[in-house]
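Chemist: Mind having a look at this structure? Questions to follow.
The values are calculated or read from the model by the stated rules, or taken from the named source; none is laboratory data. Quick caveat: nothing in here was measured; it's all calculated off a predicted structure. So basically every Cβ, Gly included, is an ideal-geometry build from the backbone, and we count neighbours across all protein chains shown. Side chains are part of the model used for accessible areas, which takes the heavy atoms of the whole protein and leaves out ligands, DNA and RNA. Shrake-Rupley method; radii C 1.70, N 1.55, O 1.52, S 1.80 Å.
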Protein chains: 4
Amino acid sequence: MVDNYHALGLDALISVGGDGSMRIAQRLGALGLRIVGVPKTIDQDLGATDYTFGFNTAVQTATDAIDRLRDTAISHDRVMVLELMGRNAGWIALCSALAGGAHVCIIPEIPYRIDPIVATIRRRRERGQPFSLVIIAEGARPAEGQQSLAGPRKAGAMPQLFGAGYKLGSELQPHLQLELRVTVLGHIQRGGSPTQFDRILGTRFGAAAVDAVVAGKFGSMVALRTPDIVTVPIAEACANERRVDPQGQLVQAARDVGVCFGDETP
Amino acid sequence: MVDNYHALGLDALISVGGDGSMRIAQRLGALGLRIVGVPKTIDQDLGATDYTFGFNTAVQTATDAIDRLRDTAISHDRVMVLELMGRNAGWIALCSALAGGAHVCIIPEIPYRIDPIVATIRRRRERGQPFSLVIIAEGARPAEGQQSLAGPRKAGAMPQLFGAGYKLGSELQPHLQLELRVTVLGHIQRGGSPTQFDRILGTRFGAAAVDAVVAGKFGSMVALRTPDIVTVPIAEACANERRVDPQGQLVQAARDVGVCFGDETP
Amino acid sequence: MVDNYHALGLDALISVGGDGSMRIAQRLGALGLRIVGVPKTIDQDLGATDYTFGFNTAVQTATDAIDRLRDTAISHDRVMVLELMGRNAGWIALCSALAGGAHVCIIPEIPYRIDPIVATIRRRRERGQPFSLVIIAEGARPAEGQQSLAGPRKAGAMPQLFGAGYKLGSELQPHLQLELRVTVLGHIQRGGSPTQFDRILGTRFGAAAVDAVVAGKFGSMVALRTPDIVTVPIAEACANERRVDPQGQLVQAARDVGVCFGDETP
Amino acid sequence: MVDNYHALGLDALISVGGDGSMRIAQRLGALGLRIVGVPKTIDQDLGATDYTFGFNTAVQTATDAIDRLRDTAISHDRVMVLELMGRNAGWIALCSALAGGAHVCIIPEIPYRIDPIVATIRRRRERGQPFSLVIIAEGARPAEGQQSLAGPRKAGAMPQLFGAGYKLGSELQPHLQLELRVTVLGHIQRGGSPTQFDRILGTRFGAAAVDAVVAGKFGSMVALRTPDIVTVPIAEACANERRVDPQGQLVQAARDVGVCFGDETP
């Protein structure tokens, strides 16, 4: 990459991506390239910015899916398990669960046990609501066990998360008198016409990145500190993977409206 | 059901459903109940009517999903396999493939082999389009093999189709130099705010069913014969499961625009 | 156009459009051009085909608008008047009114008086529903009066319909104790990502038009006779402007579910 | 209201609304009612909170409308004027213009002249883009002139903004060789299924308002200070109508990508 940069006679490089891309950008900067970062990932797992673009659209798509699943859940008295993306962060799952009015939300930051989930579904049934919507992040971790992976990790590649929804579904089914179905939304979350929020954020990030290049602010990443776009050191964005705070306001709001996270004591 | 009908002192019964519900309605009619049918199924597998309501919405939802998958397919040079519903009929898969501009469409009515699919994906790659969208109906049948089922059929229950997309994906992957991902849209196809087409059809069917009761046309089902709503004997609707005609216009139009059905001779 | 056709050395011409375009195609055919027509208009006012493409999408967009207006109508006890397109045909207005659950629907084919509309809105109010949704086609005609036009007709141009919604609103307001708002959806109905129905129809029409050229069926237009695509003489499509039948099934179904057309005797 | 509060034996009152509702809440608080405010307005014109709920959905609906208008603008070489809501604030117009890629954006905070708008449209035409999308807020003010109103202000009522889009359209048309159409999106902006962002914000505001009542924080309003929900004095929220800063980042980003605001010197 360094060779190509020089061979092409580039003045500067704008790197658009997530966590991995920003780490590479940081290393390229250390090797002398004049680089500015733009935070783009649906996973929202990058520090130093309120939002990355792509996230808002992904949560909208997932929320639309929950709205649709709810109809069959109600009409057929079903437990619907929906697996969403997010890698090691629960942002997509948590925000979609809140927006979609889900009853259970399993995220990597809160290891789960089966018992409280079963209790939640049963309690709803006893109250005359024999259907439940269960959201699970692909990176979910059982309190006793590991993340679900597609297979052994390949050298140099990130492990591919796979199967969290089916695992949870097969664990839950024996404990329920209701039918259960698992849906994996998959890459449907990664595309489509972006929401207005993501379009504005992308436009502002783009304009700010050009300004940063003009101003010579290399080694920096543009970031949203609502309502402002600022620049921060790429190193700061990479320093901490941004994850859901189990004690934070968002999880607490979800608990307040009755969402089960799988860590409750019955 | 007969006992309940009489115990409730019903004058007549309007039965809303698909293939299975209409067969039951037919039997109840033979047992003396005054019954009128309304065709509702996303699978569109009921004879004697141009459209059943629910189908239009399901195909719209599936088409939206293909639109979203296309973006990641293109940006990541991926082969995206999307499994859609439809039971033994390929209507949802075929119509969604046409509307979404898919490159491969596997339906139960046309048994498939792997070779022509691999050839299609390779040919696209050689032409500079290293991505492909593959649609497969849950009821797809390999030329040599069986439909994919969730497990042994339970007594009295319909067999649960499961796994067609993952099976095709795992068969294709070894033959490709591209990454492949499988998505199963599942029950997301069965809900949500209905399209205008389904709302109008449902309203017209409902009004016509009431008219049929008033007119004493028992044993009949309301049906769309574009642009009219008519009544037909329920028996006629049940006589033939409505399936895609492999030699019909719709399949031919898809072949004309380059869609591979898995039965081509290389 | 004839000169250009020959200068370009064209073998044949495929003309895509509505009523006006098909009349021109017919004349060009009479002048010796080898021409095939494809019916495309949101107005659905072309004969000889079950549907023109564009119509399904326009009705979906209008139905979405009605869904949105309903919320404010209910929360603010308002009468919402929505003007829709369609030129001299009421198809968009009628289908959107049915799909959107409107209470009043004014179309060019049924000249309207104010009295029955006022009576409908008052009756709803007395029943505890102090809001109403009123759909009016741009080409609406009062029983005593003319269509609303933007100004004097320009030579050689079609008259521009304008103001039907505002006219009706200002006539209704003095008779109501409710606030009333007029919205004109305008060209928002003419664009956007097409519905699956329109995409499939467009794809099938396109393939069939090429087939018609290959088969030498000049002077013909492709048409949908559900479920088939056929060819018909362009002359047949132009012979009759296709308009809503005031005694037809669709209007009757709307009356059955309580829609007021402005021609009722109180 | 004070009498009713006591007659009903209320412990506390949660007031949900915008600018006007919060002023009333403030006065009721001064009269001894135990009141907590929740900021809800599509206009986003309330201080002390990053976002009010309803705004995100309104901008999404307006952006979808721009996407649809663009198609006809391009296919017919038209100038499309779209009037959006927002009362005296330009937030909806500005954000929708950015998200929808409009070419001109007229907001109340930046008084406009016709000349720079005409120059922008002409320049686009000369560059081979003979279409333009013009967004105008209902509260727009010409540099020489007044806001457009529906009629004389009624005693005790807010003035009803009306006609800004038609006024601009009729001023522009004589200067252009292109056809121009005006669309007023109206109350379509105020309803529909809310976006995930508004659903989460509404849920969090609701939970926080209950917490504020429990904690006895009367006279306060819940507010978003990203990423936290906080409480602020209602008085602070009412002190300043929140309006677009003509020198702020958002306007500057729009200028950077070429948007004309009507105040440019040619």
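Chemist: Which numbered condition trips up C:Phe218, out of (1) within 30 Å of C:Gly32 (Cβ to Cβ); (2) at the interface with another protein chain (Cβ under 10 Å from one of its Cβ atoms); (3) of a type in the set (Phe, Trp, Tyr)?
Modeler: (2)
Chemist: From the list D:Leu250, D:Leu201, which residue is touching a residue at least 60 places away in the same chain (Cβ under 8 Å), farther than 29 Å from D:Arg27 by Cα and under 21 Å from the mean Cα position of the chain (by Cα)?
Modeler: Details: D:Leu201 fails: farther than 29 Å from D:Arg27 by Cα.
From the options D:Leu250, D:Leu201, the qualifying one is D:Leu250.
Chemist: I've got another one for you. Go through the stretch B:165-179 residue by residue and tally those that are among the acidic types (Asp, Glu) and not in a helix (DSSP H, G or I).
Modeler: Step one: of the stretch B:165-179, the residues among the acidic types (Asp, Glu) are B:171, B:179.
Those still in the list that are not in a helix (DSSP H, G or I) too: B:179.
Total satisfying the criteria: 1.
Chemist: Would you check which residues across the stretch B:248-266 are more than 11 Å from chain C (Cβ to nearest Cβ), crowded, with 16+ Cβ neighbours inside 10 Å and either at positive phi or β-branched (Val, Ile, Thr) (or both) and list them?
Modeler: Those that are more than 11 Å from chain C (Cβ to nearest Cβ), crowded, with 16+ Cβ neighbours inside 10 Å and either at positive phi or β-branched (Val, Ile, Thr) (or both): B:Val251, B:Gly262.
Chemist: In the stretch C:69-98, which residues are farther than 25 Å from C:Arg122 by Cβ and free of Cβ contacts under 8 Å to residues at least 60 places away in the same chain?
Modeler: Step one: filter the stretch C:69-98 for residues farther than 25 Å from C:Arg122 by Cβ, giving C:85-89, C:91-92, C:95.
Scanning the stretch C:69-98 gives a single hit, C:Gly86.
Chemist: Output yes when any residue across the stretch A:150-162 is in contact with a helix residue (DSSP H, G or I) (Cβ under 6 Å, 6 or more places away or on another chain), over 21 Å from A:Gln247 (Cβ atoms) and open to solvent by less than 50 Å² (accessible area, probe 1.4 Å), and no when none is. It would help to see each step written out before you state the result.
Modeler: Applying the first criterion (in contact with a helix residue (DSSP H, G or I) (Cβ under 6 Å, 6 or more places away or on another chain)) to the stretch A:150-162 yields none.
For the stretch A:150-162, residues in contact with a helix residue (DSSP H, G or I) (Cβ under 6 Å, 6 or more places away or on another chain), over 21 Å from A:Gln247 (Cβ atoms) and open to solvent by less than 50 Å² (accessible area, probe 1.4 Å): absent.
Chemist: Does C:Gly9 qualify as being small (Gly, Ala, Ser), touching a residue at least 24 places away in the same chain (Cβ under 8 Å) and either in contact with a helix residue (DSSP H, G or I) (Cβ under 9 Å, 6 or more places away or on another chain) or more than 14 Å from every other protein chain (Cβ to nearest Cβ) (or both)? First the steps, then the outcome.
Modeler: Details: small (Gly, Ala, Ser): yes; touching a residue at least 24 places away in the same chain (Cβ under 8 Å): no; either in contact with a helix residue (DSSP H, G or I) (Cβ under 9 Å, 6 or more places away or on another chain) or more than 14 Å from every other protein chain (Cβ to nearest Cβ) (or both): yes.
It is false that C:Gly9 is small (Gly, Ala, Ser), touching a residue at least 24 places away in the same chain (Cβ under 8 Å) and either in contact with a helix residue (DSSP H, G or I) (Cβ under 9 Å, 6 or more places away or on another chain) or more than 14 Å from every other protein chain (Cβ to nearest Cβ) (or both).
Chemist: Output yes when any residue across the stretch C:104-114 is within 14 Å of chain D (Cβ to nearest Cβ) and in contact with a helix residue (DSSP H, G or I) (Cβ under 7 Å, 6 or more places away or on another chain), and no when none is.
Modeler: Applying the first criterion (within 14 Å of chain D (Cβ to nearest Cβ)) to the stretch C:104-114 yields none.
No - not one qualifying residue is present in the stretch C:104-114.
Chemist: Sticking with this one: Residues that are touching a strand residue (DSSP E or B) at 6+ places or on another chain (Cβ under 7 Å), at positive phi and either open to solvent by 30 Å² or more (accessible area, probe 1.4 Å) or at the interface with another protein chain (Cβ under 8 Å from one of its Cβ atoms) (or both): does the stretch C:166-183 have at least one? Walk me through how you get there before you give the answer.
Modeler: The initial filter retains those residues of the stretch C:166-183 that are touching a strand residue (DSSP E or B) at 6+ places or on another chain (Cβ under 7 Å), namely C:166, C:168-169, C:172-173, C:176, C:178-183.
With at positive phi added as a condition, the list becomes none.
No - not one qualifying residue is present in the stretch C:166-183.
Chemist: Does B:Gly100 satisfy being farther than 18 Å from B:Pro246 by Cα and either in contact with a Gly (Cβ under 8 Å, 6 or more places away or on another chain) or within 14 Å of chain C (Cβ to nearest Cβ) (or both)? Don't jump to the end; show me each part of the working.
Modeler: Numbers: farther than 18 Å from B:Pro246 by Cα: yes; either in contact with a Gly (Cβ under 8 Å, 6 or more places away or on another chain) or within 14 Å of chain C (Cβ to nearest Cβ) (or both): yes.
Criteria met by B:Gly100.
Chemist: Would you mind telling me which numbered condition in (1) under 18 Å from A:Ala235 (Cβ atoms); (2) touching a Leu at 6+ places or on another chain (Cβ under 9 Å) A:Ala62 fails?
Modeler: (1)
Chemist: Determine whether the stretch C:225-247 contains at least one residue that is part of a loop (DSSP other than H, G, I, E, B), buried (at least 22 other Cβ atoms within 10 Å of the Cβ) and hydroxyl-bearing (Ser, Thr, Tyr).
Modeler: No - not one qualifying residue is present in the stretch C:225-247.
Chemist: Another question about this same structure. When you look at D:Gly191, is it small (Gly, Ala, Ser), within 13 Å of another protein chain (Cβ to nearest Cβ) and surrounded by 24 or more Cβ atoms within 10 Å (Cβ to Cβ), yes or no?
Modeler: Numbers: small (Gly, Ala, Ser): yes; within 13 Å of another protein chain (Cβ to nearest Cβ): yes; surrounded by 24 or more Cβ atoms within 10 Å (Cβ to Cβ): yes.
When the stated conditions are applied, D:Gly191 passes them.
Chemist: Looking at the stretch D:57-69, is at least one residue over 16 Å from D:Gln189 (Cα atoms) and not acidic (Asp, Glu)? Walk me through how you get there before you give the answer.
Modeler: Initially, the stretch D:57-69 is screened for residues over 16 Å from D:Gln189 (Cα atoms), giving none.
Scanning the stretch D:57-69, I find no residue that is over 16 Å from D:Gln189 (Cα atoms) and not acidic (Asp, Glu), so the answer is no.
Chemist: Filter the stretch D:104-132 down to residues that are of a type in the set (S, T, N, Q) and open to solvent by 10 Å² or more (accessible area, probe 1.4 Å) and give me whichever is nearest to D:Asp71 (Cα to Cα). It would help to see each step written out before you state the result.
Modeler: Of all residues in the stretch D:104-132, those of a type in the set (S, T, N, Q) come to D:120, D:129, D:132.
Checking the rest, the ones that are also open to solvent by 10 Å² or more (accessible area, probe 1.4 Å) come to D:120, D:129.
Details: D:Thr120: 20, D:Gln129: 13 Å.
Going through the qualifying residues, I end up with D:Gln129.
Chemist: Restricting to the stretch A:55-68, what's the tally of residues that are within 12 Å of chain B (Cβ to nearest Cβ) and touching a helix residue (DSSP H, G or I) at 6+ places or on another chain (Cβ under 6 Å)?
Modeler: So the answer is 9.
Chemist: Inside the stretch C:37-52, can you point out the residues that are over 12 Å from the mean Cα position of the chain (by Cα) and within 12 Å of chain B (Cβ to nearest Cβ)?
Modeler: Once the filter is applied, which keeps residues that are over 12 Å from the mean Cα position of the chain (by Cα) and within 12 Å of chain B (Cβ to nearest Cβ), the stretch C:37-52 yields C:Thr49, C:Asp50.
Chemist: Tell me whether the stretch D:69-76 contains one or more residues that are of a type in the set (Val, Ile, Thr), more than 14 Å from chain C (Cβ to nearest Cβ) and out of contact with any Lys or Arg (no Cβ under 7 Å at 6 or more places or on another chain). Break it down into steps so the answer makes sense when it comes.
Modeler: Initially, the stretch D:69-76 is screened for residues of a type in the set (Val, Ile, Thr), giving D:72, D:74.
After this cut, where a residue has to be more than 14 Å from chain C (Cβ to nearest Cβ) as well, the list is none.
Scanning the stretch D:69-76, I find no residue that is of a type in the set (Val, Ile, Thr), more than 14 Å from chain C (Cβ to nearest Cβ) and out of contact with any Lys or Arg (no Cβ under 7 Å at 6 or more places or on another chain), so the answer is no.
Chemist: Based on what the data block shows, is A:Asp211 touching a helix residue (DSSP H, G or I) at 6+ places or on another chain (Cβ under 9 Å), in a loop (DSSP other than H, G, I, E, B), open to solvent by 10 Å² or more (accessible area, probe 1.4 Å) and more than 14 Å from chain B (Cβ to nearest Cβ)?
Modeler: It is false that A:Asp211 is touching a helix residue (DSSP H, G or I) at 6+ places or on another chain (Cβ under 9 Å), in a loop (DSSP other than H, G, I, E, B), open to solvent by 10 Å² or more (accessible area, probe 1.4 Å) and more than 14 Å from chain B (Cβ to nearest Cβ).
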